[in-house]
Amino acid sequence: MKKPNFIVFLTDDQGYGDLSCMGATDFRTPHLDRIAASGVRFTDWYSNCPICSPSRASLLTGRYPGNAGVRSILAGHRTALGLPQETPTLAAALKPLGYQTAMFGKWHLGLAEGSRPENHGFDEWFGFLAGCIDYYSHIFYWGMADGKQDPIHDLWENGREIYDNGRYFTEMITERAVDYVHRAAKSESPFFLYVPYNAPHYPMHAPQKYLDRFPDLSWDRQIMAAMLSAVDDSVGAILDALEQEGIAEDTAIFFQSDNGPSRETRNWLDGTRDPYYGGSGGKLKGHKFSLYEGGIRMPALMRWPARIPGGQVIRETGAAMDIFPTFLKAAGGDPSAYELDGLDVMSMVADGTPTPHDRIFWEMGEQTAVRQGPWKLVLNGELVEGAPAEDAVHLANLDEDMAEQINLKDEHPQRIAELEEAARTWRDGIEHRWRDERKPRS
């Protein structure tokens, strides 16, 4: 069987409810809906962390963030270390199997030399290295409030700083990704293309042509819809390139967001009003930085026409760390040769088998969480960054209460005891490894 190509799309701070195929009714994402219609839409798919850098580390390494070596948002200065070189990525694992590899978009896994995409298996790359940039000037402004660091320009191509002021970054990513598909298709080697968009992360920028599609929305929702519409058009252009080259059937595509929608005040121009903030987690409670569902349950899609039946809605659980073993095995590789926390979910999406996961765990600051079947336990859960813990112990049955509105801790003391012991044991293992093997990286 011909080895498949792989494309992984990642959006930034996009809420669970912000795709039309996930239930959004005030704007449309027809090209992402196209992936869902011809493949799989997941209802219970997760990020491995409710913030940027750790969630990206898990996606690329197949490990929980603490085991990958990235537990927090990484700094944006040019000496900031990131993902340890000794932690293999999917790109690095695919190269010995004959794959070409490329990344176009947001890295956020280290700026210092040795921490960049070329050090982690990518043959070519374009984008920025910090956590966010102005979409037009490509300057990183954030994290400068203490006056210790000036804003820095952050646009790169294959390790060389480049300048292209005034061009909208989402469209720049897409131009390169489309060109890459056409070039890679002419090679006899399969390819892995990683396309991590920075939209709809702040600053809230979009060209007028996208804003004009949603004239009746409130200004905050309008800009969110416009940014996601630009991403959707971009995905459509890449899908069209696959079809033009005759390789769509043999290309496995995965899409998810890195974490839930942001409630950071710098997202918006007007901090004086009671903000809607544009992004929607649908019915889910919690946002970015939270281990309630709104921070970690993601819009997620997968398509591989040659292997995965289309039109599926899968309610089994999966997580970003599963993509490494799933795609590596599909490429003919051996996941057992790597230290992985993720599991191969191909039989789940292709053959209808149950999830291979018994439990999935999360940690964020003082928060710890675990899901087993429909049961979700959150310890010291926070709704937003810096907020007091809403509950020291919160138990929900997600099949009956996906919004985690009803705390069942008093009704199920034995289940609480079992899940809390599992969560604390897992968290202790992460803390031990971090303390003794993987020192915090700045």
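The values are calculated or read from the model by the stated rules, or taken from the named source; none is laboratory data. Predicted model, so just to flag it, every value in this text is computed and none were measured. Please note: Cβ atoms are built from the backbone with ideal geometry, for glycine as well, and neighbour counts cover all protein chains shown.
Some values worked out for this structure:
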| quantity | calculated |
| --- | --- |
| Boolean, Tyr194 is of a type in the set (Ser, Thr, Tyr), buried (at least 21 other Cβ atoms within 10 Å of the Cβ) and closer than 30 Å to Pro96 by Cα | yes |
| Residue among Arg71, Arg116, Arg28 that alone is basic (Lys, Arg) and either more than 25 Å from Leu328 (Cβ to Cβ) or touching a Gly at 6+ places or on another chain (Cβ under 6 Å) (or both) | Arg28 |
| Qualifying positions in the stretch 92-113 - assigned to a strand (DSSP E or B) and under 26 Å from Asp334 (Cα atoms) | Gln100, Thr101, Ala102, Met103 |
| Top-ranked residue of the stretch 327-358 - restricted to ones that are in a loop (DSSP other than H, G, I, E, B), of a type in the set (D, E, K, R) and within 23 Å of the chain's Cα centre (by Cα), ranked as farthest from Pro96 (Cα to Cα) | Asp358 |
| Enumeration of residues in the stretch 340-370 that are touching a helix residue (DSSP H, G or I) at 6+ places or on another chain (Cβ under 7 Å) and among the charged types (D, E, K, R) | Asp341, Asp344, Arg359, Glu363 |
| The stretch 313-333, residues that are crowded, with 20+ Cβ neighbours inside 10 Å, closer than 23 Å to Tyr16 by Cα and not β-branched (Val, Ile, Thr) | Gly318, Ala319, Ala320, Met321, Asp322, Phe324 |
| Number of positions in the stretch 95-125 that are among the aliphatic types (A, V, I, L, M) and out of contact with any helix residue (DSSP H, G or I) (no Cβ under 7 Å at 6 or more places or on another chain) | 3 |
| Residue under evaluation Lys3, criteria (1) surrounded by 21 or more Cβ atoms within 10 Å (Cβ to Cβ); (2) under 25 Å from Asp351 (Cα atoms); (3) not hydroxyl-bearing (Ser, Thr, Tyr), criterion not met | (1) |
| Residue that is farthest from Met364 (Cα to Cα) [pool: residues in the stretch 396-429 that are touching a residue at least 24 places away in the same chain (Cβ under 8 Å) and in contact with a Phe, Trp or Tyr (Cβ under 7 Å, 6 or more places away or on another chain)] | Arg415 |
| Search result, residues across the stretch 1-31 that are farther than 27 Å from Phe192 by Cβ and of a type in the set (Lys, Arg) | Arg28 |
| Those residues of the stretch 15-38 which are out of contact with any helix residue (DSSP H, G or I) (no Cβ under 6 Å at 6 or more places or on another chain) and either among the basic types (Lys, Arg) or surrounded by fewer than 23 Cβ atoms within 10 Å (Cβ to Cβ) (or both), in sequence order | Gly17, Gly23, Ala24, Thr25, Asp26, Pro30, Arg34, Ala37, Ser38 |
| Residue in the stretch 183-194 that is more than 16 Å from Asn5 (Cβ to Cβ) and assigned by TED's automatic domain parsing to the domain that holds Thr251 present | no |
